[in-house]
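One structure is given here, and the rest of the page talks about it.
The values are calculated or read from the model by the stated rules, or taken from the named source; none is laboratory data. Predicted model only: the values in this text are computed from it and were never measured. Heads up, the Cβs are rebuilt from the backbone with ideal geometry, glycines too, and the neighbour counts pull from every protein chain shown. In case anyone asks, the SASA skips ligands and DNA or RNA and just uses the protein heavy atoms, side chains included. Shrake-Rupley method; radii C 1.70, N 1.55, O 1.52, S 1.80 Å.
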Amino acid sequence: MTIIEQCSIGKAGQDKCEDAVVANGRFAAVIDGSTSKSHQWFDPDMSNGRLCMTLVRQQLNNMPADTSCERFCHDITENVRAVYERAAADMELLTNHPTERMAASAAVYSPARREVWLVGDCQCLVDGQPYDNPKPYEEPVAEMRAAYIRLQLMQGRPVSDFQKHDEGRDFVLPVLIDSCRYQNKTFAVIDGFSIPTAKIRIIDVSKAREIVLATDGYPLLRPTLADSEHELAQLLAEDPLCIHRFKATKGLMQGNKSFDDRSYLRLLTQ
């Protein structure tokens, strides 16, 4: 494979970025560490999302080229669980309350198997054809947040209020927390617990020439990085709270570069 272009940009700076790109010759991938809803960190030096992203990146950089998706999921699950054990985490708590776990999603291209794996909420373009694997609850929760903020704006609140403190996210946070109980049941995520293979999207790219892998920080994915960045910039200029054209569970906060971390990787398969 040949890498054409790539980037990984943190919404609040690179030192806090929970996204990453991997391109090591054996695999190409983008990784999206999930924003933690827990106050418990398994590493005092980094957020749970960044830690989980780091573990996935290490896994992809160390595993053989012919590794299957099933093997990857098994091994990364074991590696995340080992971190819990080293941290003397309460495994009963993690089992019963998935919000306490670290988590990440990944879009992985395997040249050896000529497959793209969408493990969790990531996306890709295969010769321009879009594929994704979204969380089933994300859209209705984003709609709830958007409706709450729009109502506040109609009552005279300025947009800047919600860029200082996102009351809309506060409003939907209990629903977001509750929906986490479906982790690795109705949707897949890398979190140290068994990943249901039926919830992983595996795409045959044996005939593909060009592939784009991206995290959900690009709501309007395009075949080039410049076009994807342009769409994002235009969206944030028109709708910084992400409540109109594109509805999300969070918006552009004051001082940040975007509503979310973002990663993009474009490659030729030959």
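If you filter region 8-71 for chymotrypsin sites (Phe, Trp or Tyr not before Pro), then keep DSSP loop positions with at most 15 other Cβ within 10 Å, what is left?
Trp41
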Quiz prompt | Hull-based mean projected area of region 16-119, where the convex hull spans the alpha carbons, in square nanometres | solution = 6.4 nm²
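Compute the length gained on full extension between Glu5 and His97: take 0.36 nm times their separation in residues and subtract their Cα-Cα distance, giving the result in nm to one decimal.
Numbers: separation 92, 0.36 × 92 = 33.12 nm, distance 3.90 nm.
Here the answer is 29.2 nm.
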Quiz item: R0 = 22 Å: FRET efficiency of Ala12 with Asp43, Cβ-based, nearest 0.05?
Solution: 0.75
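So for the chain, what percent of the C-alpha to C-alpha distances run longer than 25 Å?
Numbers: 15982 of 36315 pairs.
For the chain, the share of Cα pairs beyond 25 Å comes to 44 percent.
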Quiz item: In angstroms, what radius of gyration and Dmax does region 131-270 have, counting Cα atoms only?
Solution: 17.2, 56
Quiz prompt | Cα→Cβ-extended label distance, 7 Å offset, between Thr197 and Glu78, nm | solution = 1.6 nm
Quiz item: Which lysines, on any chain, are close to Lys250 with Cα under 30 Å apart, when same-chain ones fewer than 8 places away are left out?
Solution: Lys11, Lys16, Lys37, Lys135, Lys164, Lys185, Lys199
Quiz prompt | Peptides 57-66, 93-102 ordered by average Cβ neighbours within 10 Å, highest first | solution = 93-102, 57-66
Quiz item: Rg(Cα) of region 61-205 divided by 2.2 N^0.38 Å?
Solution: 1.27
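For Gly10, what charge total do you get from the other residues with a beta carbon under 13 Å from its beta carbon, if Lys and Arg give +1 and Asp and Glu give -1? Walk me through the numbers on the way to the answer.
Numbers: positive: Lys11, Lys16, Arg50, Lys257, Arg262; negative: Asp15, Glu18, Asp19, Asp32, Asp260, Asp261.
That sum, taken over residues with Cβ under 13 Å, equals -1.
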Self-check item: Projected-area mean, region 29-72, by convex hull of Cα positions, square nanometres
Solution: 3.8 nm²
Quiz item: Using alpha-carbon positions, what is the distance between the centroids of region 1-79 and region 155-182, in Å?
Solution: 27 Å
Quiz prompt | Neighbourhood charge, 14 Å Cβ-Cβ cut-off, centred on Glu167 and excluding it, Lys, Arg +1 and Asp, Glu -1 | solution = +3
Quiz item: What accessible surface, in Å², does a 1.4 Å probe find on Ile200, ignoring ligands, DNA and RNA and rounding to the nearest 10?
Solution: 20 Å²
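Could you work out Rg/(2.2 N^0.38 Å) for region 116-193, with Rg from alpha carbons only?
Numbers: Rg = 16.1 Å, N = 78, 2.2 N^0.38 = 11.5 Å.
Expressed relative to 2.2 N^0.38 Å, the Cα Rg reads 1.40.
Just to check, using Stokes-Einstein with a Kirkwood Rh over alpha carbon pairs, what's the diffusion coefficient of region 167-216 at 25 °C and 0.890 mPa s in µm²/s? Please list the in-between numbers first.
Values: Rh = 13.9 Å.
Stokes-Einstein gives a translational diffusion coefficient of 177 µm²/s.
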